[in-house]
1. Within region 98-128, track down each residue that is among the β-branched types (Val, Ile, Thr), more than 13 Å from Ala150 (Cα to Cα) and surrounded by 15 or more Cβ atoms within 10 Å (Cβ to Cβ).
2. Report, by residue number, each residue of region 125-164 that is part of a strand (DSSP E or B) and either among the aromatic types (Phe, Trp, Tyr) or in contact with a Cys (Cβ under 8 Å, 6 or more places away or on another chain) (or both).
3. Within region 223-233, work out how many residues are touching a strand residue (DSSP E or B) at 6+ places or on another chain (Cβ under 9 Å), at pLDDT below 95 and either loosely packed, with under 14 Cβ neighbours inside 10 Å or not in a strand (DSSP E or B) (or both).
4. Just name the residue that is farthest from Ser2 (Cα to Cα) out of those in region 200-222 that are exposed (fewer than 12 other Cβ atoms within 10 Å of the Cβ) and within 12 Å of the chain's Cα centre (by Cα).
5. Give the residue, chosen from Ile188, Ile180, that is among the β-branched types (Val, Ile, Thr), more than 30 Å from Pro133 (Cα to Cα), touching a residue at least 24 places away in the same chain (Cβ under 8 Å) and not in a strand (DSSP E or B).
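The values are calculated or read from the model by the stated rules, or taken from the named source; none is laboratory data. None of these values were measured; they are calculated from a predicted model. In this analysis, Cβ positions are derived from the backbone assuming ideal geometry, glycine residues included, and neighbour counts consider all displayed protein chains.
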Amino acid sequence: MSGLLLAGDVYFDRFDATGNSTGLVGPLNATQLQINTPSESKDRSSKKKLSYGQALDSVTIAQPSELAIAFDDQPAEMLAMALLGETDTINQGAGNVADAVVSVLAKGRWTKLVHSNLAEAGISAKLASDDSPVSAAAYEINYAAGLIRAVAGGVLEAGVDIKLTYDHAAIAGSRINGGIRPTIRARIFLDGINLATGLPVKCDIPEVSLAPTAAVDLMASEYVTTTLGGKVLLRNGETAPFYLDQED
């Protein structure tokens, strides 16, 4: 006899729109992987004088198994699910923009440029109305974010259109297009070890239907944790909704 205390690597395969595998992402640091197997009792109660109310028969009927998973690893694929989104790539090539018309807002408000990661050298501005040069002292730029605003007391303070010329460096990365893909169907696989015995334990859940169960706090003081919950499905061709293997 032994207890069960698991450590393990969790892998997650989000299916595409037609239910096909896209490959396992992982190993992930899952802080929760909980399976609940609820059931419902169907009873036949006695109406007889001497046994009124007693159960003459009782049958337990399985209900759909439920799953809850939480993880604090946040690759784009996992964060996209918690935000009901899809992943995309960021691929801003390096380049030059000449005479882009920009509306500089009054009273210190920032205007977002099309590009980010601007080069500090080579930026120039002129009034859109007559192409007269604008001194760099009249505006402030956040180069990394690609923001511009007028400096108090300068020629742009009243809010005017300018023509801005600048260079921008390349940016590569991932983007989540959030809120566009509410259906989450996936396979979950746990490659674990029972710390009480040192023996391998594996859990394979061929298909689950999930949804976010908590908001994603992007400004949390701790590491961001995302949580999903839903039903375990009996995938076509499988003999059970999930499998738990404890090896000798």
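1. Keep residues of region 98-128 that are among the β-branched types (Val, Ile, Thr), which gives 101-102, 104, 111, 114, 123.
Still in the list and also more than 13 Å from Ala150 (Cα to Cα): 101, 114, 123.
Hit for region 98-128 is Ile123, nothing else.
2. Once the filter is applied, which keeps residues that are part of a strand (DSSP E or B) and either among the aromatic types (Phe, Trp, Tyr) or in contact with a Cys (Cβ under 8 Å, 6 or more places away or on another chain) (or both), region 125-164 yields only Tyr139.
3. 1
4. Leu218
5. Values: Ile188 fails: not in a strand (DSSP E or B).
Testing whether each residue is among the β-branched types (Val, Ile, Thr), more than 30 Å from Pro133 (Cα to Cα), touching a residue at least 24 places away in the same chain (Cβ under 8 Å) and not in a strand (DSSP E or B) leaves just Ile180.
Residues checked against (1) under 26 Å from the mean Cα position of the chain (by Cα); (2) surrounded by 12 or more Cβ atoms within 10 Å (Cβ to Cβ); (3) part of a strand (DSSP E or B):
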position	(1), (2), (3)
Asp16	yes, no, no
Gly23	yes, no, no
Pro27	yes, yes, yes
Glu40	no, no, yes
Leu56	no, no, yes
Gln74	yes, yes, no
Met81	yes, yes, no
